[in-house]
Amino acid sequence: MKNIVIDLWTGDQLDQNENPSNQPKLETYILKGDKKRPAVLICPGGGYGFLSEREAEPIAIAWNEAGYHAFILYYTIKPEMHLQPLLDASQAMCIIRENAESWHVHSDQIAVCGFSAGGHLAASLGVHWDKTYLQKEGIEIGKNKPNALILSYPVISSGDYLHQGSYTNLLGEHAKTELLHDMSLEHHVSSNTPPTFLWHTVEDESVPVENSLLFAQGLRKENVPFELHIYPKGVHGLSLATAETATDERLADAHVATWLDLCKQWLAEVFQKGV
């Protein structure tokens with residue numbers, strides 16, 4: 001496996017043992033061999049206040065085992081820098097595409113997979129990838145567009161079902177109404193939003209299930225293909241919902257753990273049909 005850490009805004013390759021949580025970085029989990037493969041860019045959760053290890057490397061390894069190259073985005077989590085995480089995600093996607101030949105990546109088969117607040121970031125990239133404010137050095141509009149979205153118990157809405165901590169960390173305590181609307185992603189789904197896989201649990205008390213339902217409604221309205229799985233039981237932050245990622249018994253659930261196999265089947269079909 002090719003495992004390197006890249007500083008997003010300088011392009012420098014860093015010691016892979018360096019803590020990537022202080023500044024935005026991209027860590028690669030590139031499988032060996034010359035075979036071209038699809039890829040998944042992973043955005044861990046953490047309420048835009050930290051980055052969950054349980055939703056980072058274990059997810060990359062799981063996608064590697066499924067035959068995908070994987071990349072972990074350690075995005076900016078400094079308070080009130082609402083555009084910076086989205087800029088980080090945009091540049092990470094561009095870096096993957098720019099290196100697609102040498103890394104043996106199918107450049108038209110790159111999904112972004114986000115959890116909780118990382119799901120908000122993944123979905124933000126899915127609905128805002130073409131905005132002119134993302135046109136910065138190192139970012140090419142269009143090259144930053146994901147080919148599919150995978151949203152695990154995502155933060156989506158700043159309305160009645162918001163996760164207050166995520167929006168406070170991202171936008172500050174006194175965000176203007178127009179800014180809250182811009183980051184309430186159900187309002188910005190369009191025909192240019194990529195096909196999407198969503199899953200959530202009814203019992204999620206941190207990020208209400210309505211977040212996924214609202215995004216799915218937006219996708220349906222715009223005739224964007226999607227698959228939605230709502231599990232009746234399970235707390236927030238389940239990650240893979242297996243013993244590997246569980247830090248206590250509430251975070252392992254054999255039924256919820258089916259989400260990954262369902263997602264792999266869905267993604268293979270999306271990429272087989274073309275995007």
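The values are calculated or read from the model by the stated rules, or taken from the named source; none is laboratory data. Here the structure is a predicted model, which means the values were calculated and not measured. Cβ coordinates were reconstructed from backbone atoms using ideal geometry, including for glycine residues, and neighbour counts include every protein chain displayed. Heads up: the accessible areas ignore ligands, DNA and RNA and are worked out on the full protein's heavy atoms, side chains in. Shrake-Rupley method; radii C 1.70, N 1.55, O 1.52, S 1.80 Å.
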Exercise. Hey, what number do you get for the chain at 222 nm if only DSSP H runs of n ≥ 4 count, each worth -39500 (n - 2.57), divided across all residues, to the nearest 500?
Worked result: -8500 deg cm²/dmol
For this session: Could you estimate the translational diffusion coefficient of the stretch 59-168 from the Stokes-Einstein equation, with Rh from the Kirkwood formula over C-alpha pairs, at 4 °C and 1.567 mPa s, in whole µm²/s?
Result: 89
Exercise. For the stretch 142-275, what is the percent of antiparallel DSSP beta bridges, rounded to the nearest 5?
Worked result: 0
Exercise. Among the lysines, which fall within straight-line cross-link reach of K273, defined as a Cα-Cα distance under 22 Å, with same-chain neighbours fewer than 8 residues apart omitted?
Worked result: K35, K36, K143, K145, K221, K264
Exercise. Residues of the chain: accessible area per residue at 1.4 Å, in Å²?
Worked result: 43
Exercise. Taking a probe of 1.4 angstrom, what is the accessible area of E57 in Å², to the nearest 10?
Worked result: 90
Exercise. Looking at the stretch 160-206, which chymotrypsin sites (Phe, Trp or Tyr not before Pro) are DSSP coil and have at most 15 other C-beta atoms within 10 Å of their C-beta?
Worked result: none
Exercise. When only the heavy atoms of the protein chains count and the probe is 1.4 Å, how do D248, D108 rank by accessible area, highest first?
Worked result: D108, D248
Exercise. Simple spin-label model, 7 Å along Cα-to-Cβ: K131 to I4 in nm?
Worked result: 3.1
Exercise. How do V224, V202 rank by accessible surface area computed with a 1.4 Å probe, from largest to smallest?
Worked result: V202, V224
Exercise. Counting only protein heavy atoms, what percent of the accessible surface of the chain is carbon or sulfur at a 1.4 Å probe?
Worked result: 47
Seminar exercise, completed: Of the convex hull drawn through the C-alpha atoms of the chain, the volume per residue in Å³ is 117
Problem set entry | Surrounding net charge for N144, when Lys and Arg each add one and Asp and Glu each subtract one, Cβ distance under 15 Å | -1
Problem set entry | Reachable lysines, given that their alpha-carbon falls under 20 Å from the alpha-carbon of K32 and they are not under 8 places away in the same chain | K2
